[in-house]
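Step one of this worksheet: look at the structure below.
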There are 2 protein chains.
Amino acid sequence: MSITHPQGFTAAGVTAGLKRSGKKDLALVVNEGPLHVGVGVFTSNRVFAAPVAWSRQVVADGRVDAVVLNSGGANASTGAEGFADTHRTAEHVAVALQAAGKDVSAGDVAVCSTGLIGVRLPMDLLLPGVDAAVAALAADGGDDAAHAILTTDTVTKQSMVEGSGWSVAGMAKGAGMLAPGLATMLCVITTDAVVTHEAASRMLAEAVRSTFNRVDSDGCMSTNDTVLLLASGASGVSPDESALESALTQVCAELARGLVADAEGASHDIAVTVVNATTEHAAEEVARAVTRSNLFKAAIFGNDPNWGRVLAAVGTVPEQVAPFDANLLDVAINGVQVCRAAGVGDDRDLVDLTGREVHVTVDLHAGDASVTLWTNDLTHDYVHENSAYSS
Amino acid sequence: MSITHPQGFTAAGVTAGLKRSGKKDLALVVNEGPLHVGVGVFTSNRVFAAPVAWSRQVVADGRVDAVVLNSGGANASTGAEGFADTHRTAEHVAVALQAAGKDVSAGDVAVCSTGLIGVRLPMDLLLPGVDAAVAALAADGGDDAAHAILTTDTVTKQSMVEGSGWSVAGMAKGAGMLAPGLATMLCVITTDAVVTHEAASRMLAEAVRSTFNRVDSDGCMSTNDTVLLLASGASGVSPDESALESALTQVCAELARGLVADAEGASHDIAVTVVNATTEHAAEEVARAVTRSNLFKAAIFGNDPNWGRVLAAVGTVPEQVAPFDANLLDVAINGVQVCRAAGVGDDRDLVDLTGREVHVTVDLHAGDASVTLWTNDLTHDYVHENSAYSS
C-alpha cells in the first residue's frame, strides 16, 4: 500500500550516506503524469528551513513533477548557503531526470529535508545519492522511499484508500516534535485521480486541519513540516469531490495516528476529546491545554488517572477563548467518570491504564461542539532520546 | 531571616498528621498589629481551590489577621463540601485565637492549602492541628512555619530585606507546576512597615508580575497559587513607597529564584533572556515559547547547546505578538554566540553546560525591550516524580 500504488508514479529510496547508520536516507518520488498537479501545506513556524522556502515557491503554480526528500539533516538555519544547497539539489534532480528521458524542470522539483537544525548538508554525498535514486526509480519503489525518510521513527508510516478506479496513498515520517501547525513531519500523498490543483489545494488544507493539526506529541513545532499532495490523473477517473476529499482525509488520519503511535519514547497514545464546547475552536483550545500539560502526561506514564491535572490544565484556557462554567466540568478516563461537576466522581481505582491507548473525555457542558486531539505520555525515554539526539 | 523577623508577627509550624511522613504540615501566621493590612494575589486558573475562593473574600477589605496553611492536600475540586471545610478551618482558627486572648474574626483568616487535587482534607486531623499551632505560636516561629508548608520541596525558601527601622520577609513553597500566572506556590510575606492596604495591594501586584510570574518550570498553572502580604505597622516607620516596593520585589525575586533552584527533578536552572524586542510583552512571549519547549529543555538536560531548538521555539510566536525578522535572530548560550543572523555562529563545542545555571540570550533586533524568564531542564527525575506523585 505504498505511494506508488496509485498509477502514474515512480519512486526510489537509496543510501546516500547522510545517516551514519548506513540506512536509506534519500527518497525520490516522480509524478509521471499525465497530470502534474502538486499542492502543499507547510509549517507555520516563522523560522523555516531552506527546503520549505524553496518548495513553497515550487507549489505556487500548482505543478510538481518530482519530490526529493532527505533525512540526516534539516537544512534549517543554514542561511543563504543552505538555500543554495536546496536549489542545487532541485537542479540536479531535474538534470538527472532529463537525462533519463523525463521532461522535468528544476522549478517543479519540491525538496524536503529532516534532521538536525543548523548543519549544512553534505552535498558531495547528497548529489550522487540523487543520481542513484534516479537510477533506482521504479513503479513499486514507494516502500523504499518510505524507509528513506525516517529519522528516529521505528517503523514506516504508510496508508492507502481505494476508490472506484482510483486511489490515494501516503507516506509520512515523524516521531517527535509533533505539534499543531503540523507535526515535525514530512508527508507525500499521491493519487491517480483527475483533479484540479485548486480543488486539490482546498482538500489538502481541510484534511490537514482535521488530522495532522490535531496531533500534538510534545507541543514543539518544527521548521521543516511539509505535506505534499501529487495527482497524476493516470486513472483517467474524476471522482466526486467529496469522495476524494474523504479518501484524502482518511489517508491523513491514518498517517497522523501512525505518527502518534511511533512518537519518541512514548508508552501511551492519548486521545483527548472535549465535548459540549461552544465552538470547535473552543473545544480544540481546551484539548490543547490538556495535551500540553507535562504534569498530566507524566501521570499517564505512571498509569495514574490524575484527573486533577486535567482540570488544572482546562482551567488555564481564557474565558473569551472557551466559555464554560468551571463548576460543571466532567472528566472521564477510559470510560470511568472520575470527575463529576468539578468534584470527585467514580472511584479512580476503576481506571485501567495498562493498555497503550488512553481516552480522556472532558465535558464542558457549554454547547455542542467537540474535538479529539492525540498526544503521548511524557516518559523517561522521551527525555533520554531528546537529551541525546544531537550530541 | 524568617517571616517573624519583622515585628508584630507570631507563627508556628506543627505536625497535624496530614502528611504520611510525619513531617510538619500545618502552619499558622498571626499579624499581632497594630495594623492588620492584608492583600493577596491568586492563581488566574479558572479551576481554583476552595481556599483560594475563601481567601479572595478575606482580602477583599484589605484586612487579614491570620493565615493558616496546610500541606498534604490541596482541597481543590472538592465541591461545596471542600469550601465548607475551608470555612470551618477559618472559624476554628478564629475561635482558638480568641481563646488565646486575640481579637480575630473568621472573616479575617486566610486559608491556603497545597497537595493532591480532588481529595477532601481529613478535618479530624486538621482541626486539632490548628489548636496545636495556636498553642505553639511564637515570635520566632517563622522557620517552623516555612517547614510546614513544604510538599516535594527539598529545602525551605525564605528571604528578607532590611530597611531603616523596618523589614520585609517572606516564605514560599513550590517545587513544580510552576507557571506564569503564578507558580504552584504558597507564599506569605510580612512587613512591619506602616502602609495602607491600597498601596500594599498595588506594590504586591507589581512585584509578583516581575518575579513569580517570570518563573515557568513546567508550563503548568496550579489551582491553589496564593501570595499574601501582611503588614503589621509595628515598626512605626512609614518608609518611602519606592523603598518598600523595592524591598518587596527583592524578597519576591529571591523566593522565585529559590523555587526554580528546587524544582522537581531539575538539574539545570535556565535563564532565558530576550533582548531588543519591540515591547516587554513581546519579549516575554518569546521567552515563554522557549521556556515551554520540551525539546529545548531536554537538550539542556543532556548538556547539549541545541540552539536550533531555541530558534524553532522562537519561530512559533505569531508576528502580531512579537514583530521581528526571523533572518536576524541571534542566540547565545552561556556567553557563546552559537547562532548569528539565524545561521551557524561560533563553535557550539565552546559552550560549557556542566554548571547548574544556564543563560540563554535571544536577540530579536527589533526594539529595545528585554525580559528574563527562569525555567528548568526536563529530566528523568522530573518524569519520575510526576508519574509517581499520586500513586
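Put simply, the amide H of B:Gly141, placed in the peptide plane, has neighbours under 5 Å in B:Ala11, leaving out anything fewer than 5 places away on its chain. For the stretch A:88-161, the gyration tensor built on C-alpha atoms gives an oblate shape. Its axis ratio a/c (a ≥ b ≥ c) is at least 1.5, and a/b is not larger than b/c. Annotation: per residue accessible area for the stretch B:79-150 equals 40 Å², rounded to a whole number [probe 1.4 Å, protein chains only]. Using the Cβ-Cβ distance between B:Ala53 and B:Glu206 with R0 = 25 Å, the FRET efficiency computed as 1/(1 + (r/R0)^6) comes to roughly 0.55.
Legend: Rg and Dmax of the stretch B:190-244, from Cα coordinates, 13.7, 42 Å. When chain B is treated as a GNM with alpha-carbon contacts under 10 Å, the residue of B:Asp349, B:Asp61, B:Asp140 showing the greatest mean-square fluctuation is B:Asp349.
In the stretch A:308-348, the residues whose accessible area drops by at least 50 square angstrom when the other protein chains are added to the isolated chain are A:Arg309, A:Ala312, A:Gly315; the probe is 1.4 Å and only protein heavy atoms count. For B:Leu127, the shell of other residues with beta-carbons less than 13 Å away shows a net charge of -3, using +1 for Lys and Arg and -1 for Asp and Glu.
Computed with a 1.4 Å probe on the full set of protein chains, the accessible area for A:Leu350 sits at about 120 Å².
Cα-based values for the stretch A:28-127, radius of gyration first and Dmax second, are 13.0, 39 Å. Amide H contacts of A:Cys339: A:Val331, A:Gly345, A:Asp346, each under 5 Å away and 5 or more positions distant or on a separate chain (H built 1.01 Å from N in the peptide plane; Pro and chain starts excluded). Rolling a 1.4 angstrom probe over the protein heavy atoms with all chains in place gives the stretch A:269-388 an accessible area of 35 Å² per residue. Report the far tail of the P(r) of the stretch B:310-389, meaning the percent of Cα-Cα pairs longer than 17 Å. More than 17 Å apart: 57 percent of the Cα pairs in the stretch B:310-389. Taking label positions 7 Å along the Cα-Cβ direction at both B:Asp349 and B:Glu319, the computed distance is 4.0 nm, reported to one decimal. Estimated from the Cβ-Cβ distance and a Förster radius of 51 angstrom, the FRET efficiency linking A:Asp140 and A:Leu328 is about 0.35.
In terms of overall dimensions, the stretch B:242-376 has a Cα radius of gyration and Dmax of 15.0, 46 angstrom.
Based on C-alpha pairs under 8 angstrom that are at least 6 apart in sequence, the stretch B:269-388 has a relative contact order of 45 percent.
For the chain pair B and A, the buried solvent-accessible surface (1.4 Å probe, both sides summed) amounts to about 4000 Å². Computed on chain A, with alpha-carbon pairs under 8 angstrom and 6+ residues apart, the relative contact order is 18 percent. If you take the square roots of the eigenvalues of the alpha-carbon gyration tensor of the stretch A:295-343 and sort them as a ≥ b ≥ c, do you get rounded (a/c under 1.5), prolate (a/b over b/c) or oblate? Oblate, because a/c is 1.5 or more while a/b does not exceed b/c.
Using only side-chain charges placed at the Cβ, +1 for Lys and Arg and -1 for Asp and Glu, the dipole size of the stretch B:60-170 relative to its Cα centre rounds to 200 debye. Against chain B, whose longest principal axis comes from its Cα atoms, helix B:79-99 is set at around 50 degrees. Determine the share of the protein assembly as shown's accessible area contributed by carbon and sulfur atoms, expressed in whole percent, with a 1.4 angstrom probe. Here carbon and sulfur together make up 51 percent of the probe-accessible area. Projected label points at B:Ala60 and B:Val155, each 7 Å from Cα along the beta carbon direction, are separated by 4.1 nanometres. Given a 1.4 Å probe and the protein chains as shown, B:Ser246 ends up with an accessible area of around 70 Å².
Between the Cα long axis of helix A:123-136 and the first principal axis of chain A there is an angle of about 80°, rounded to the nearest 10. The 3J(HN,Hα) values that the Karplus relation (6.51, -1.76, 1.60; θ = phi - 60°) gives for the stretch A:56-68 are, in residue order, 4, 5, 4, 7, 4, 9, x, 10, 9, 8, 7, 10, 10 Hz. Gly and Pro appear as x. Calculate, in whole percent, how much of the Cα-Cα pair population of the protein assembly as shown lies beyond 35 Å. Summing the P(r) of the protein assembly as shown above 35 Å gives 50 percent of all pairs. Converting phi to 3J(HN,Hα) with the Karplus coefficients 6.51, -1.76 and 1.60 and the offset θ = phi - 60°, the stretch A:254-270 yields 5, 5, 4, 5, x, 5, 5, 5, 10, 5, 3, x, 6, 10, 9, 9, 10 Hz in sequence order, with x at every glycine or proline.
In order along the stretch A:301-308, the Karplus-derived 3J(HN,Hα) couplings, from 6.51 cos²θ - 1.76 cosθ + 1.60 at θ = phi - 60°, round to 4, x, 6, 10, x, 7, 5, x Hz, and Gly and Pro are given as x. For B:Phe48, B:Phe83, B:Phe324, the ranking by accessible surface with the largest value first comes to B:Phe48, B:Phe83, B:Phe324, using a 1.4 Å probe. Taken about its Cα centre, the protein assembly as shown carries a charge dipole of roughly 400 debye when the Cβ of each Lys and Arg holds +1 and the Cβ of each Asp and Glu holds -1. The overall shape of the stretch B:256-317, judged from the alpha-carbon gyration tensor, is oblate: a/c is not under 1.5, and a/b is no greater than b/c.
Across chain B, Cα-Cα pairs farther apart than 27 Å form 49% of the total.
The values are calculated or read from the model by the stated rules, or taken from the named source; none is laboratory data. Bear in mind the structure is a predicted one, so any value in this text is a computation, not a measurement. So basically every Cβ, Gly included, is an ideal-geometry build from the backbone, and we count neighbours across all protein chains shown. Heavy atoms of the whole protein, side chains included, go into the accessibility calculation; ligands, DNA and RNA do not. Shrake-Rupley method; radii C 1.70, N 1.55, O 1.52, S 1.80 Å.
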